[in-house]
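To start, the structure under review is shown below, and the notes come after it.
The values are calculated or read from the model by the stated rules, or taken from the named source; none is laboratory data. Fair warning: this is a prediction, and the values are worked out from it, not measured in the lab. We place every Cβ from the backbone using ideal geometry, glycine too, and count neighbours over all the protein chains shown.
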Amino acid sequence: MPISALTTSSGGEERVPSSASDWDDWVSASATRNHVLDYPLLDWLERYAEAAHIVPLGGGYDGPDDEENILCLCPNHHAAFDHGGIYVLDSLEVLDVNGAPLGELTVASDHPLNAEHLAAHRRRFGY
């Protein structure tokens, strides 16, 4: 489904939310939520995940492109993680920018994470 199908009314008028509140209402209207942290997601993103590098590959960070440096996140949490809006403690607890706990990161038993990469991410954003 193209994004235009979600942002165009039946009369052909474009309905792109213009404020954060409008976006929240628009996304929440799908009733599909990220079951890990209870954030709203669009129906077509329900089973979609992205590989988020803990230490960025470029930009002078030169992080490794291996599984110990990758988190599997929904697009919302990927963006939040990349910009320091959420971070992960060594205990795998996920905190938001204000230090409020959001839950525990779920990691498959065969997916190793490097604690030093998580620490580097926290240092990068001053946590």
Of the residues in the range 94-127, those that are of a type in the set (Asp, Glu) and at pLDDT 95 or above come to GLU116
If TYR48 passes every condition in (1) surrounded by 14 or more Cβ atoms within 10 Å (Cβ to Cβ); (2) part of a loop (DSSP other than H, G, I, E, B); (3) of a type outside the set (Gly, Ala, Ser) but one, which one does it miss?
-> (1)
Does the range 53-69 include one or more residues that are surrounded by 13 or more Cβ atoms within 10 Å (Cβ to Cβ), assigned to a loop (DSSP other than H, G, I, E, B) and modelled with pLDDT under 90?
-> no
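For (1) surrounded by 13 or more Cβ atoms within 10 Å (Cβ to Cβ); (2) part of a loop (DSSP other than H, G, I, E, B); (3) within 13 Å of the chain's Cα centre (by Cα), each residue gets a yes or a no:
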| residue | (1), (2), (3) |
| --- | --- |
| ALA80 | yes, no, yes |
| ASP90 | no, yes, no |
| LEU102 | yes, no, yes |
| HIS111 | no, yes, no |
| ALA120 | yes, no, no |
| ARG123 | no, no, no |
